[in-house]
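Read the structure below first, then the notes.
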Amino acid sequence: MENKVYLKEEDLGFQPKWSEIFNNLNPIYVEIGIGNGEFIVHLAKTYPHFNFVGTEFCREVLRKALKRAEREGLSNLRLLPMEGTKLLIKGFTSESISGLYLNFPDPWDKRKKRRNRLVNEAFVWLLADRLKEGGFFRMATDHRPYLEEVVKLFTTNEAFSPLWEELIRTEIEDFYPTKYARKWLSQGLPLYFTGFKKIKRVRLPDWIKEKYSLLRLTKEDYVPIISVLKVKELPDFRALAKAISKGILYQSEGDLIKVLDVYTKEDGLLIDLIVLEKSLQQRFFVAVNPYETRGILISVHSSDHPDPTDGVHLAISLITHKIWSFLPEAELIKTTCKNKIFNLSKTLV
């Protein structure tokens with residue numbers, strides 16, 4: 001899937017310079033949840049002097065979109081396999097997006113699942129920060145109750161004003177009907193649209209950074225998180241694996257660090273971890289390997305690229321202290337874990 005149109009999250013980096021990616025300063029428009037790419041490819045073809053960035057979490061669906069984009073040979077389009085909120089946080093800075101399209105998002109209709117909806121109060125605030133003044137949000141859906149909730153969220157945020165006199169419309173002139181929309185309309189069923197324009201600059205409330213832990217990161221935070229222990233002799237890694245074991249390492253309100261499994265090899269361990277921080281979930285491997293002479297290196301496996309949130313720092317710190325407890329004569333000679341978190345983790349083991 002590697003080509004000019006396709007971007008990997010790890011290659012994108014943190015808040016990249018899109019002018020260098022597109023080689024121009026043209027306005028950028030985003031679509032979250034591009035499906036097979038029909039809508040965003042149409043936009044990119046229709047408006048060659050605008051840049052478009054589309055994201056789709058399902059890689060199989062993204063492959064279809066990529067093939068569609070490749071056939072058109074579009075230079076003003078980039079596609080990524082990322083969750084939408086994460087793209088807004090990691091991919092863009094304040095007031096850098098000219099418009100955002102959201103077409104037929106999952107309404108998560110069951111009451112217990114509604115917290116999974118993309119658009120919530122925090123998302124609206126985040127978008128208010130990322131959109132340029134005059135930039136817009138547009139949504140199309142076949143699920144009116146979800147749209148009514150979205151309308152309420154935008155109308156109660158001071159940064160936005162309705163795009164149209166009617167807050168909810170069943171027709172708009174420039175909407176491009178995708179295969180899904182055409183099928184829906186062919187059954188005589190209505191579609192619903194809403195749109196809002198950013199009319200003023202805002203300052204993100206502090207609680208948003210609690211909701212979205214990635215907002216607390218800067219480029220300087222993206223350094224390897226490691227710990228190195230000096231030992232008299234290398235341990236029995238199979239016995240060490242039993243000492244770590246599967247289960248919850250840490251749990252607090254909305255946060256969880258859990259060992260899903262521990263894999264042993266003759267000279268090390270692989271620890272399968274999941275780190276949940278409010279709305280952010282990251283799963284990755286931690287490698288425990290011999291390091292130089294009589295050393296043990298604890299680090300994120302080279303194949304994984306979790307964002308270095310406080311939860312990831314805590315996970316590495318907790319594993320370090322677990323191993324240190326198993327090897328009480330070991331000496332810590334280096335850690336890049338945050339000091340406050342590393343010290344806290346000692347009390348949690």
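Does residue 228 satisfy the condition of being open to solvent by less than 40 Å² (accessible area, probe 1.4 Å) and not in a loop (DSSP other than H, G, I, E, B)? Explain how you work it out, then say what you get.
Working: open to solvent by less than 40 Å² (accessible area, probe 1.4 Å): yes; not in a loop (DSSP other than H, G, I, E, B): yes.
When the stated conditions are applied, residue 228 passes them.
Can you pull out every residue in the range 147-180 that is hydroxyl-bearing (Ser, Thr, Tyr) and closer than 28 Å to residue 47 by Cβ?
Step one: filter the range 147-180 for residues hydroxyl-bearing (Ser, Thr, Tyr), giving 155-156, 161, 170, 176, 178, 180.
Within the range 147-180, 161, 170, 176, 178, 180 meet the criteria.
Considering only the range 234-271, state which residues are assigned to a strand (DSSP E or B), among the charged types (D, E, K, R) and either modelled with pLDDT under 95 or within 27 Å of residue 211 (Cα to Cα) (or both).
Matches in the range 234-271: 255, 258, 265.
Just to be sure, is residue 258 open to solvent by 20 Å² or more (accessible area, probe 1.4 Å) and over 27 Å from the mean Cα position of the chain (by Cα)? Write out each step before concluding.
Working: open to solvent by 20 Å² or more (accessible area, probe 1.4 Å): yes; over 27 Å from the mean Cα position of the chain (by Cα): no.
No.
Give the range 305-332 a look and list any residue that's modelled with pLDDT of 95 or more, of a type outside the set (A, V, I, L, M, F, W, C) and under 28 Å from the mean Cα position of the chain (by Cα), or say none.
Of everything in the range 305-332, those that are modelled with pLDDT of 95 or more, of a type outside the set (A, V, I, L, M, F, W, C) and under 28 Å from the mean Cα position of the chain (by Cα) turn out to be 306, 307, 308, 309, 310, 311, 313, 317, 320.
Only residues that are more than 18 Å from residue 135 (Cα to Cα) and open to solvent by 50 Å² or more (accessible area, probe 1.4 Å): list them for the range 37-60, please.
42, 45, 46, 48, 57, 58, 59, 60
Answer with yes or no whether residue 33 is over 25 Å from residue 204 (Cβ atoms), open to solvent by 10 Å² or more (accessible area, probe 1.4 Å) and either under 18 Å from the mean Cα position of the chain (by Cα) or among the small types (Gly, Ala, Ser) (or both).
On the way: over 25 Å from residue 204 (Cβ atoms): no; open to solvent by 10 Å² or more (accessible area, probe 1.4 Å): yes; either under 18 Å from the mean Cα position of the chain (by Cα) or among the small types (Gly, Ala, Ser) (or both): yes.
No.
Condition check ((1) touching a helix residue (DSSP H, G or I) at 6+ places or on another chain (Cβ under 7 Å); (2) part of a helix (DSSP H, G or I)) across all residues:
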residue: 57; (1), (2): no, no
residue: 69; (1), (2): yes, yes
residue: 79; (1), (2): yes, no
residue: 129; (1), (2): no, yes
residue: 134; (1), (2): no, no
residue: 138; (1), (2): no, no
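What is the residue count in the range 283-296 for residues that are open to solvent by less than 40 Å² (accessible area, probe 1.4 Å) and more than 15 Å from residue 264 (Cα to Cα)? Reasoning before the result, please.
Pass one, the range 283-296, residues open to solvent by less than 40 Å² (accessible area, probe 1.4 Å): 284, 286-288, 295-296.
Next, from what is left, pick out any that are more than 15 Å from residue 264 (Cα to Cα): 284, 295.
Qualifying residue count for the region: 2.
The values are calculated or read from the model by the stated rules, or taken from the named source; none is laboratory data. Keep in mind that this is a model prediction, so the values were computed, not measured. Methodologically, a virtual Cβ is constructed for each residue, glycine included, from the backbone with ideal geometry; neighbour enumeration extends over all protein chains shown. Heads up: the accessible areas ignore ligands, DNA and RNA and are worked out on the full protein's heavy atoms, side chains in. Shrake-Rupley method; radii C 1.70, N 1.55, O 1.52, S 1.80 Å.
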